[in-house]
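Trainee: The following block contains the structure, expressed as structure tokens.
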Amino acid sequence: MGGSNATREEVARLYGRVAFGATAADLDAWSHAPYEALVDHLLAVPMPDSRRAAVDDVKRTSLERNQNALSDMQSWWLERMRTTPYPLEERLTLLWHDHFATAARTPDVNANLVFKQIHTLRRNALGNFRNLLADVCTDPAMLLWLNGVQSTGARPNENFAREFFELFTLGTHPQAYTEADVRQAARVFTGWTVDASSGKSAFVASRHDAGTKQVLGVTITNGGASEFVHVVDAALAQRVAARFIAYKLVTGLAYVPATTDVLSSPDSLVAKVAATLQASKWELKPALRTLMLADEFRSTNGADARRAVRSPAEVAVSTCKALKVAADDATFPGVVGAMGQQLLVPPNVGGWPKGKRWLSSSTLVARYGWGTTAYASWQKAPATTRAGLPAPADLAGWASRCGISSLSRSTSDAISQYLAARRGAAVEELQAGVLALVLTSPDWMVV
Amino acid sequence: MAGLTRRQFIVGAGGLAGAQLVAPVVVRGGAWLGQAMADPATSARRRLVVVFLPGGNDGLNTVVPAGDVPGAPRYSVYRRVRPMLGYDRSVLFPLGLGADAQQQLGLNPKLATVYRLYAQQRVAIVQGVDYPHHSYSHFTSSDIWHAGAPDNGPDSGWIGRHLDRVGIADGELRAVGVGTDLPLMLRGRDQLGAEIASLSASHFADGFGVAAEARHRSLAAFAAYPAGDALRHAAGAQAREAVALVDRLHRAAPPTPSSSRMTAAMLTARTLLEQDLGVEVVYVPQPAAYDTHSLQRGHHEMNLQDLDQGLEAFFFGTAAGKPLGTGPLAANVADRTLVMIVSEFGRRIGENGSSGVAGTDHGAAAPVLMIGPPPGGAFPRLAPGLHGDHPPMGTPLAPADNLGMTTDLRSLYQAVLTHWLRDPDPIWGKGMKALPGLFAPPPPPPAPPKKKAAAARR
């Protein structure tokens with residue numbers, strides 16, 4: 001496991017799944033280098049609080065403060081995904097945004113609060129899952145989104161408590177909690193509100209249920225502002241918890257496991273990642289290292305090839321990285337939305353579709369449209385900064401440019417068929433066509 | 001002319017791709033593989049529109065208790081447990097339903113169009129619909145409503161399995177979802193429905209010129225990706241589906257634009273039904289959030305009004321009474337279209353908050369609204385009025401916590417499949433019987449003048 005040098009295909013796959021795609025330079029630099037060294041390179045992310053602020057953090061904090069347009073925040077994030085020196089951190093931030101899916105919704109949940117929540121996810125993205133979960137429990141956008149602010153001792157609201165177990169910690173395959181646990185945990189979470197003027201969360205003791213509760217067999221007495229941490233720990237102590245979080249990591253970064261039951265018949269990679277999570281006491285970097293080094297992640301041979309589908313945000317960012325064009329074009333969030341993923345506005349608390357559900361006939365039409373948008377953006381970009389495009393018929397060059405190792409025979413044949421049909425057409429027309437086709441090819445969309 | 005050009009292109013592409021590249025897989029859509037549709041059987045098909053209200057619609061404030069009867073003081077219980085959210089019966093649309101006081105119910109004041117259809121004898125209300133061993137999870141419960149099979153797990157949808165049984169002819173768009181994510185309901189074990197975000201989004205960005213069509217031909221040829229690598233193979237198949245979808249829809253005029261996403265979706269559904277595309281089922285998820293844990297009154301009314309306006313545009317072609325320029329739903333389509341409005345669960349009887357923020361948590365059984373053709377059309381037709389029993393609500397001093405199942409959703413689906421869609425073999429596990437009386441049977445046929453004529457008709 002993890003030994004040997006990386007093939008060009010493995011470099012392309014690893015970057016494609018966890019780092020918003022490879023550039024041609026990434027492919028050249030890491031092919032034939034030790035695979036394990038590449039994994040450690042991606043994991044070498046200093047803790048956010050211990051490093052200098054990035055250039056774009058100034059813009060970020062300004063977007064957090066003010067009433068900005070949703071599309072400005074979406075654009076900022078796409079560009080951060082493209083330019084960050086730590087793509088794994090941003091990729092995990094996107095994964096946690098899906099896991100703790102919170103949607104901006106006027107007037108209940110302001111977009112800038114969701115944007116701030118995303119930075120909370122970012123600060124914890126490669127840290128410790130327990131800390132991440134605890135931060136989310138009192139996050140202002142979450143308190144508004146799942147009705148924590150309306151939940152009081154006299155009238156507890158079950159919304160957050162139910163999703164805390166079902167979606168954030170334990171899942172339902174198998175279900176390790178009862179309706180009584182939901183109702184009791186709802187009492188524990190009472191007392192948290194959001195200050196309307198500062199947008200910060202605050203604990204108000206008079207709104208909290210000070211009684212004794214029983215959650216997952218644990219007796220919880222009044223603990224004020226830190227009482228909810230007992231529910232966090234009770235949930236994470238369940239055997240199913242590490243398996244469930246591992247399932248989400250595998251689903252987001254590698255493939256959708258064939259089996260949903262995480263306890264009695266877990267997917268083998270889910271079991272490995274869960275074991276590391278438990279051994280590391282919920283540290284995420286070791287778990288991700290296990291995931292990326294595992295044979296299940298590296299191998300795509302045979303009829304049971306397990307693969308990931310690039311999500312629309314990854315499609316946009318990977319393309320922009322490949323073409324060396326900015327990803328904060330004002331038109332991009334709309335196109336990414338048409339492909340099915342509006343950042344900051346997941347469809348519901350369950351997040352976005354997974355795996356092949358990204359690939360429907362109508363989203364394919366939108367993905368094809370993205371190729372056209374991307375080419376137009378490349379044409380507009382300064383010739384000094386954008387990447388050069390290969391000659392239309394240089395299919396190996398196109399594969400490299402777009403961050404994959406090669407194009408399959410069937411895809412090459414289909415594109416050659418196009419070039420033959422348009423023989424003599426202008427180079428620009430052919431380049432636009434080849435780009436749109438590569439970006440909708442099975443080889444590129446599925447990594 | 002563009003259509004003709006494209007059709008010729010597509011047929012040409014099929015010949016080339018079929019000979020050289022495309023593996024012999026059975027694909028729905030694929031107009032270039034089949035012939036143009038002119039089968040009168042498809043235009044005579046009954047149609048079903050399933051409207052889904054995501055988040056769990058509060059059934060109790062949709063079809064509202066408005067009367068007390070001995071042993072069932074529903075209105076008194078309702079007002080007691082819903083001091084903030086309860087409606088006074090004077091503001092409801094009265095569903096008198098004859099002299100039977102037990103059936104005294106009212107319709108939410110935002111559902112003016114539904115009430116108008118009710119007055120036309122077109123609305124059936126199926127009460128207390130749920131499934132055994134209710135789940136309070138949005139996702140589990142939604143899956144069960146989509147699958148129609150609480151015991152089997154969500155491997156396929158109830159319409160998807162119908163598609164498996166009846167098949168989908170080449171070039172046919174038999175079941176369509178309006179959205180970007182194909183719903184479980186339309187997924188069979190073998191057959192899949194299609195889905196479109198909108199008609200205007202069902203065109204390729206580079207249009208239909210010669211240059212574009214050369215690309216689209218290659219896009220369709222991605223379906224030749226070898227079958228061993230399942231996900232990539234599926235991606236290639238979907239690329240071909242996309243080309244087929246655009247080919248089917250490019251001549252359908254987009255509906256009148258609307259600022260309401262629900263109205264836009266309902267008008268898209270209507271356009272799909274009115275075109276000769278072979279459409280039998282359309283699934284429309286309302287773009288709204290019915291998960292009203294708090295601040296329910298305003299949100300719920302806004303959602304119901306949005307739904308009602310979508311229905312107004314769909315049936316009558318008007319917005320708040322003003323013509324949208326589309327006219328009413330074509331009579332020959334209205335005569336064979338059934339609309340069914342469902343959600344993943346109802347909400348708890350009692351409200352959960354105080355003062356202005358009151359909401360309701362996840363509940364269980366809820367009514368299903370069904371809207372049928374105008375009276376006088378073909379039989380069997382939807383029998384208007386109440387079906388099934390109202391779930392017990394307890395007493396004012398001991399109100400029920402929740403509304404329990406009185407109608408198994410499988411019996412409702414069974415009735416729709418059997419009597420409306422004429423499914424040849426709508427078998428469920430455990431011999432689920434169709435909900436009786438939901439569709440009025442045809443009257444006895446008039447005595448034929450001669451025996452020979454009747455025989456000739458068969």
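Trainee: Calculate I(q)/I(0) for the protein assembly as shown by the Debye formula, one identical point scatterer on each C-alpha and no solvent, and give its log10 at q = 0.07, 0.09 Å⁻¹ to two decimals.
Mentor: For the requested q values the scattering log ratios are -0.58, -0.98.
Trainee: Continuing with this model, one more query. Quick one: accessible area per residue over the protein assembly as shown, 1.4 Å probe, rounded to a whole number of Å²? Numbers along the way, then the final one.
Mentor: Details: 33100 Å² over 905 residues.
Here the per-residue accessible area is 37 Å².
Trainee: Now for a different question. So for each of B:401-409, B:305-313, A:174-182, B:232-240 I average, over its residues, the number of other beta carbons within 10 Å; can you give me the resulting order with the highest mean first?
Mentor: Ranking the peptides B:401-409, B:305-313, A:174-182, B:232-240 by packing returns B:232-240, B:305-313, B:401-409, A:174-182.
Trainee: Buried accessible area for the B:A pair, summed, 1.4 Å probe, in Å² rounded to 100?
Mentor: 4800 Å²
Trainee: Separate question: Which three extents, in angstrom, do the Cα atoms of chain A have along their principal axes, listed largest first?
Mentor: That gives 79, 47, 42 Å along the principal axes, largest extent first.
Trainee: Enter the mean number of other protein chain beta carbons within 10 Å of the beta carbon of each residue in A:404-416, as an integer.
Mentor: 4
Trainee: Please name which of A:Thr319, A:Gly433, A:Trp444 has its Cα lying farthest along the dipole of the stretch A:312-445 towards the positive end, using unit charges on Cβ (Lys, Arg +1; Asp, Glu -1) and the Cα centre as origin.
Mentor: My answer, from the dipole projection, is A:Trp444.
Trainee: Okay, moving on. Between the stretch B:238-272 and the stretch A:293-356, what's the alpha-carbon centroid distance in Å?
Mentor: 25 Å
Trainee: Determine the share of chain B's accessible area contributed by carbon and sulfur atoms, expressed in whole percent, with a 1.4 angstrom probe.
Mentor: That share works out to 57 percent.
Trainee: Suppose only helical runs count, i.e. DSSP H with n ≥ 4. What mean residue ellipticity at 222 nm does that imply for chain A under -39500 (n - 2.57) per run, divided by all residues and rounded to the nearest 500 deg cm²/dmol?
Mentor: Result for chain A: -15500 deg cm²/dmol, rounded to the nearest 500.
Trainee: Any idea what the relative contact order of the stretch A:312-445 is, in percent, if you count C-alpha pairs under 8 Å spaced at least 6 apart?
Mentor: So the answer I get is 29 percent.
Trainee: Cα centroids of the stretch B:164-186 and the stretch A:375-424: how far apart, whole angstrom?
Mentor: 34 Å
Trainee: On C-alpha positions alone, give me the angle between the axis of helix B:138-147 and the longest principal axis of chain B, in degrees, nearest 10.
Mentor: That works out to roughly 60 degrees.
Trainee: Okay, moving on. Tell me the accessible surface of B:Asp425 in square angstrom (1.4 angstrom probe, heavy atoms of protein chains only), to the nearest ten.
Mentor: That residue has around 80 Å² of solvent-accessible surface.
Trainee: Let me ask you something else. Given C-alpha coordinates of chain B, what is the ratio Rg to Rh with the Kirkwood estimate of Rh?
Mentor: My calculation puts Rg/Rh at 1.00.
Trainee: Take peptides A:416-429, B:108-121 and line them up by average Cβ neighbours within 10 Å, highest first, as a rough protection proxy.
Mentor: B:108-121, A:416-429
Trainee: In a shell of Cβ-Cβ distance under 9 Å around B:Asn57, excluding B:Asn57 itself, what net charge do Lys and Arg (+1) and Asp and Glu (-1) give?
Mentor: That sum, taken over residues with Cβ under 9 Å, equals -1.
Trainee: Leaving out ligands, DNA and RNA, and with a 1.4 Å probe, what % of the accessible surface on the stretch A:312-445 is carbon or sulfur?
Mentor: 54 percent
Trainee: Could you let me know the centre-to-centre spacing of the stretch A:19-52 and the stretch A:175-241, using Cα atoms, in angstrom?
Mentor: If we compute the Cα centre of each part, the gap is 39 Å.
Trainee: Ranking request for peptides B:46-55, A:405-414, A:157-166: highest mean number of other beta-carbon atoms within 10 Å first, then the rest in descending order. Mind showing how you got there, number by number?
Mentor: Details: B:46-55: 22.5, A:405-414: 19.7, A:157-166: 25.2.
So the order, starting with the most tightly packed, is A:157-166, B:46-55, A:405-414.
Trainee: Something else: Largest first, how would B:Arg122, B:Arg261, B:Arg251 line up by accessible area (1.4 Å probe)?
Mentor: From most accessible down to least: B:Arg261, B:Arg251, B:Arg122.
Trainee: Between 0 and 90 degrees, rounded to the nearest ten: what's the tilt of helix A:312-323 against the longest Cα principal axis of chain A?
Mentor: Helix A:312-323 and the main axis of chain A meet at about 40 degrees.
Trainee: To continue, here is another question. Limiting things to C-alpha atoms, what are the Rg and the maximum Cα-Cα separation (Dmax) for the stretch A:312-445, in angstroms?
Mentor: Here Rg and the maximum Cα pair distance are 15.1, 51 Å.
Trainee: If I ignore ligands, DNA and RNA and count only protein heavy atoms, how much of B:Ile427 is accessible to a 1.4 Å probe, in Å² to the nearest 10?
Mentor: 120 Å²
Trainee: Any chance you could give the angle, 0 to 90 degrees and rounded to 10, that helix B:210-221 forms with the longest Cα principal axis of chain B?
Mentor: 70 degrees
Trainee: Over the whole of A:157-167, what's the average partner chain Cβ count within 10 Å per residue? Rounded to a whole number, please.
Mentor: The mean count of partner-chain Cβ atoms within 10 Å per residue comes to 4.
Trainee: Please compute the contact order of chain B in relative form: average sequence separation of alpha-carbon pairs under 8 Å and at least six residues apart, divided by the residue count, as a percent.
Mentor: With pairs under 8 Å counted, the relative contact order is 26 percent.
The values are calculated or read from the model by the stated rules, or taken from the named source; none is laboratory data. This is a predicted model, so every value here is computed, not measured. All Cβ positions, even for glycine, are placed from backbone atoms using ideal geometry, and neighbour counts span all protein chains on display. For accessibility, only protein heavy atoms count, side chains too; no ligands or nucleic acids. Shrake-Rupley method; radii C 1.70, N 1.55, O 1.52, S 1.80 Å.
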